[in-house]
Structures are given as C-alpha cells and as structure tokens.
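**Student:** I'd like to ask you about the structure that follows.
Taken together, the values in this text are just the output of simple stated rules run on the coordinates, not laboratory data. All values derive from a computational prediction rather than experimental measurement. Reconstructed Cβ throughout: ideal geometry from the backbone, glycine too, with neighbour counts over all protein chains shown.
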Amino acid sequence: MLVDMNAPERLPGLLVENGRLSKADLAKVTEAASATGQPLRAVLDRLGLIPQKEWARTCADHLGLPLVSIDDIPERLPEDPRLSSDYLTRNAIAPIEIDADRAYFAVADPFDGDAIAALEMIFGSSLALAVATDRDIELAMTRSQEAAAAAGRDTIDIVTARHGGIDLDTDKLTELANNAPTVRYLDTLFDQAVEMRATDIHLEPTANLARVRLRVDGELVEVQAPDKSIYEGVISRLKILAGMDISERRRPQDGRIRQRLAGRDIDMRVASAPMIHGETIVLRLLDNHEGLSQLADLALPAHVSKRIKAAISQPNGLILVTGPTGSGKTTTLHAAMNALNETRRKIVTIENPVEIQTPGLQQIEVNAELGWTFAAALRTVLRHDPDVIMVGEIRDSETAELAVRAAMTGHLVFSTLHTNTARDAATRLVDLGVPEYLIRSVVRLVAAQRLVRRVCPVCAQPVDLSKRPKVKDLFAKLDKRTGSQTDPATWALKKSVGCDACNQTGFQGRIALFEAMEPDEVFATKEAAQARKLQTMGSEAVRLVAEGQTTMEEVMRILGVKYF
C-alpha cells in the first residue's frame, strides 16, 4: 500500500497531543461520526473544530505526501475510461495527471484502503498521491464539468433550479422557505455574520453540497452551510424577504432586506444569479449606525485630516476619493459630508446603491435599466438648488463632464474614481476627456485609501529585530524608500499568530491607509514628489508597521510589492 493504514487512528491523537482538539471533543466527534456515518474529518469541519484545510495538512505532513489546493489541479481533469465520474465523486478523488509514466491523484482520504487499492490495480507503481480537501476536490470536479459543458461535450441545464433532481414549483419553494429548519438556519447565520463583523455573506450551490462564506476583514471565511435538502428553501426565504420573485430562477435579481440584529438595524443588499447547480446569493451587510460616522472616527493621519478639512471648507470644487471596491471610499465620503450636514446646506447624494443612509441627506439610488444613470440623475439634481453633491462614481465621460461643470458653477462635488493611487486620478480624468487645465482649476483634493488588517491585540507577538537582521534591513530600506522617516529606536514590529479571539487569522479589524494630494502634487513626477517628501500610502503603511498595528506581509498583500 502507498500509506500506513494504521495512521488514521493516530491522527486524532496527534491533534489532541498538539492541543488542537480536547479529549472530550474527540469523544463527542467520534460518537457523531459513528451515528451519522460521516467521516471524522467531515464532522470536525462541520462543528468548526478542525477546518478541512488543517485536517488535510495534518494528513499530508503525517504521511509525507504533498498537499495541493484547487489552484494546483488543472481546469480540465484528465480522463481515463476505467474511472467513472461517479466513482471519483463518491470517493473524493481528482485526477491531476494521467500519462504512460505517471498517474497523479488528489485524494481527500488517503486512508481509504479500498479506493486506493482500486487505483493501484489500474495504475500499478506509476500511482502517486497528494492530499486535498473534500471541498477543493468537489470544486475541481465541478469546474471540469463546466469546462466540458462549455466545450459542447455535456448538456447541462444552467438556468433551472433543482431540488432532488425535480423542478420545484412556487408553492413548494414557499413551503420550504417557511419551514422551521430554514428559518432557524438563517437566524443563526445572520447572528453569526454580525458577531464576526462580516461585510458580505456568500451562499453558493455545488454539485452535492452547499457552501457559505463570510467576508471578514476583507477575507472570505467558511462557515457552516445548510443541508443541501433545505438550500433551495434558504434561497427562497432570502428572496421573499428581499422582495424578489421566487418563481424567477433564470435571471439575476436584486433586492434589499432590513433586519434588527444585535440591537441595530442592518440593511442587506441582496443579489442573486443562476448557476449550473442552482442559484447563488450574495448579501452585502450595511450597518446603518455607520451613517453617523464623523471624520474623527476614521483615524486619519494628521496631515490628511488637515487637508480634507481645508478642502471641504471651500465653497465649490471637486473632491475625489480613489481606491478599489471595498476600500472604504463611501464611508470616507459620508464622514466628510457629515461635517457639512447642517440645516443651511442642501446635500444630495447619487449612489448605486445607497449603502449608508444618513439623516439630513437627500439620497438618490440610480437604476441604469430605467435610464436613471449617474449622468441623468446629476442633471436632475442640478435643477434642485443643491449646495453639496455626492456622485457615487465617475465612470464615463458624460458623468465626468457634468461633475466638473457642477464644481465650476458654485457646487462642492464629492465623487470616487477606481484608480490605484491619488496620482493616477489625473490620468483617469484626462482619459475621460477632462482637460488638464480644468482639473487643476476645479479639483480641490484627491485622496486615495486602502484597508489593511490590524494584528490581533490578544495574540500578536513582538518581532525581535536583533535576532532578525534581514527583516530589520528590509524594513529600513522600505522606510527610506517611502520617505516615512520613522525612528528606528521606536520600531515595535509585531507578527500575527492566531487565536480564538481572531478566529485563528492573527488579525482583528481593519485600519485605513490614506494619502491626500492637491492638484499640483497630483501632476508632479514621482521624483518631484519624493523631493517634496509627500506622504503617501506607502509611507503610512511603513508607519503602521513600525507602530505594530499591522505587518509587512499585510501591507505588501494590499499595496503590492511593486508599490514599494
């Protein structure tokens, strides 16, 4: 055999020895596995005790086998007429490479003697194994089937939702949506999302299972999924709550849910889309209390705060915030508008969608399908005597022209651009047809921002730079290159570890990196900016690392190595 078949009995013991599993939990899980007929690894994952990835890594380390992920498995799996797809799916096996000299397979259970013996009988000594999670193998199988369908080798119904292989009518979906397990599961999921400070909930169907993930601090975290038998009921209940048509499963839909959770009103933006195994739904959680945030709540660096306050005190002009989706641009804009939110000013926002509802602001939600675009809404707003206007995003030439014209005719205009840095905003506006002289004339400030994760205050450990000379040298180079000029005597770098308080991620919460530039600085060359010692997101990142608020790896992940 390729592996020691006595190993599976020793693996749980290893997890107990290294403190990852208590003896009481092991006894409980073993009993549950025996009662349900599920493998031990599946029960450990379902109860949130040992994630699939950790179990697979432990297996691989213990057996000396490679550990592979979905990225290591080809999009189209190699085929062999002696292996049926049913056999591979049933035994959680994914072929990675099959040729005359080598048969390389990813397996979720390297201790399944019968399955591996069957592979050995077919491929003999050319058989090689790697370990992967059940989920990655299932995703690989699904992805391969989709690729085959796209090539015209399979016929798959991609638009009709299924339940046990039978089309569900509206009455059945309504019944499933209102049954007790469905209601109980969604209540638990919403509470868990709020408790973990999630910004998004992703419900995703697969061939045999459902998957649910929460986006926490910008990263997706898998949580317990509903049983496949009630998945359609969960989707239908969400659609009913969101005011969507449960009988329409062939087209994407949008809706909104408001729930009272943990004593707060939480708005959820709901978007559905048909997939080959059913419908997927993503919910964006919008906490209404954030609408009352102030600039002081954003932990702005002193130089950025000073520049923003100076810009919003101007009677007119264009103020831009740049950054990718999910970098906190809308929060920053609403905090700035809150500083101006007085009875004597009329403030109108044009958004898609309205994410933060703020008392005192007149908020418009655009609808491109009805012709109610940013440009159309802006034209209308300009006839309503506003003092301050917020345009959710400048994405086309018409909106850019109207925003600049509004800024030139006595309005203070806020908006966003999808660019990587503040300096890139000028290039983007020029690309949209705004002349450089107008940019210099109407733009008051361009800010750029990113969100990086904070190290967990419970488990973070200091980095002893005296024992890590390479780390010290690298950080010194970054400090000099970004011009942050921190004092080496005050460096307090920390490393993330992971504990129960941060869900084993090593991070808890996020903090923003900011840079703010005036028009002449935006158009300055990189060399001129360095000569003027402009403070950028890079210098802010180095400062936060030096203070031990985040890590070098995290700022490199968010900004990219090339940024430095």
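**Student:** Taking the chain as the reference, fit the longest principal axis to its C-alpha atoms, fit the long axis of helix 7-17 to the helix C-alpha atoms, and give the angle between the two in degrees, 0 to 90, nearest 10.
**Tutor:** That works out to roughly 50 degrees.
**Student:** Right, another one. Once phi is turned into ³J(HN,Hα) by the Karplus curve 6.51 cos²θ - 1.76 cosθ + 1.60 with θ = phi - 60°, what whole-Hz value does each residue of the range 326-342 show in order, with x for glycine and proline?
**Tutor:** Coupling constants for the range 326-342: x, 9, x, 4, 4, 4, 5, 5, 5, 5, 5, 5, 4, 5, 9, 6, 10 Hz.
**Student:** Using the Cα gyration tensor of the chain, with a ≥ b ≥ c the square roots of its eigenvalues, what is the shape: rounded (a/c below 1.5), prolate (a/b larger than b/c) or oblate (neither)?
**Tutor:** Prolate.
**Student:** Antiparallel versus total DSSP beta bridges in the range 411-522: what percent is that, nearest 5?
**Tutor:** Rounded to the nearest five, the antiparallel share is 100 percent.
**Student:** Using Cα pairs under 8 angstrom and six or more residues apart, how large is the relative contact order of the chain, in percent?
**Tutor:** After rounding, I find 9 percent.
**Student:** Check Asp217: other-chain or 5+ apart residues with amide H under 5 Å from its amide H, H built from backbone geometry?
**Tutor:** Thr199
**Student:** Under the rule of at least 5 residues apart or a separate chain, name every residue whose amide H is placed under 5 Å from the amide H of Met275.
**Tutor:** Thr280
**Student:** Ranking Ser125, Ser313 by Cβ neighbours within 10 Å, fewest first, what do you get?
**Tutor:** Final ranking by Cβ density, sparse to dense: Ser125, Ser313.
**Student:** Which whole-number percent is the relative contact order of the range 442-541 (Cα, under 8 Å, 6+ apart)?
**Tutor:** 45
**Student:** If you don't mind, there's one more thing I want to ask. If you take every DSSP beta bridge whose two residues both sit in the range 7-150, what share of them, in percent to the nearest 5, is antiparallel?
**Tutor:** So the antiparallel bridges in the range 7-150 amount to around 45 percent.
**Student:** Then there's this: Within the chain, what percent of beta bridges assigned by DSSP are antiparallel, to the nearest 5?
**Tutor:** For the chain, the DSSP antiparallel bridge percentage is about 65.
**Student:** Using the 10 angstrom Cβ neighbour count as an exposure proxy, how do Phe105, Phe111 rank, fewest first?
**Tutor:** Phe111, Phe105
**Student:** Report the local net charge at Gln38: Lys and Arg +1, Asp and Glu -1, summed over other residues whose C-beta lies under 13 Å from its C-beta.
**Tutor:** Spelling it out: positives minus negatives among the neighbours equals -3.
**Student:** Follow-up question, since we're still on this one. Is the range 446-553 best put as rounded, prolate or oblate by its Cα gyration tensor, with a ≥ b ≥ c the root eigenvalues, rounded for a/c under 1.5, and otherwise prolate when a/b is larger than b/c, oblate when not?
**Tutor:** Oblate.
**Student:** Grab the other residues whose beta carbon is less than 14 angstrom from that of Leu402, score K and R as +1, D and E as -1, and report the net.
**Tutor:** 0
**Student:** On full extension of the chain, what length is gained from Lys53 through Ile511, given 0.36 nm per residue of separation minus the C-alpha to C-alpha distance?
**Tutor:** Full-extension gain reported as 162.1 nm.
**Student:** Tell me the relative contact order for the range 7-150 as a rounded percent, counting alpha carbon contacts under 8 Å between residues six or more apart.
**Tutor:** 24
**Student:** Okay, next question. Can you tally the net charge around Thr416? Count Lys and Arg as +1, Asp and Glu as -1, for every other residue whose Cβ sits under 9 Å from the Cβ of Thr416.
**Tutor:** Cβ neighbours under 9 Å give a net charge of 0.
**Student:** Relative to the present Cα-Cα distance, how much length would full extension add between Gln362 and Thr325 at 0.36 nm per residue of separation?
**Tutor:** Extending this stretch completely gives an extra 11.0 nm.
**Student:** Rounded, prolate or oblate: which one fits the range 344-428, using the alpha carbon gyration tensor with axes a ≥ b ≥ c (rounded when a/c is under 1.5, else prolate when a/b beats b/c, else oblate)?
**Tutor:** rounded
**Student:** Under 5 Å between amide hydrogens, which residues at least 5 positions from Thr322 or on another chain qualify, with H placed 1.01 Å from N in the peptide plane?
**Tutor:** Residues meeting the amide H criterion: Leu417, Ala447, Ala448, Gln449.
**Student:** Listed here are the pairs Lys28/Lys172; Lys309/Lys480; Lys23/Lys172; Lys329/Lys477; Lys239/Lys329; which of them are more than 32 Å apart at the Cα?
**Tutor:** Listed pairs above 32 Å: Lys28/Lys172; Lys23/Lys172.
**Student:** Oh, and also: For a footprinting-style exposure proxy, rank Ile319, Ile394 by other Cβ within 10 Å, fewest first.
**Tutor:** Going from sparsest to densest Cβ surroundings: Ile319, Ile394.
**Student:** Using the alpha-carbon atoms, what tilt in degrees (0 to 90, nearest 10) does helix 180-195 show relative to the longest principal axis of the chain?
**Tutor:** Once rounded, one gets 50 degrees.
**Student:** Roughly how tilted is helix 23-36, in degrees to the nearest 10 and between 0 and 90, from the longest Cα axis of the chain?
**Tutor:** 70
**Student:** Same structure, new question: Please return the longest stretch of the chain lacking exposed loop sites, where GluC sites (Glu not before Pro) count only if DSSP places them in a loop and at most 11 other Cβ atoms lie within 10 Å.
**Tutor:** Value returned for the longest uninterrupted segment is 76-341.
**Student:** Could you tell me which Cys residues in the chain have no other cysteine's Cβ under 4.7 Å from their own Cβ, answering none if every one has a partner?
**Tutor:** Cys59
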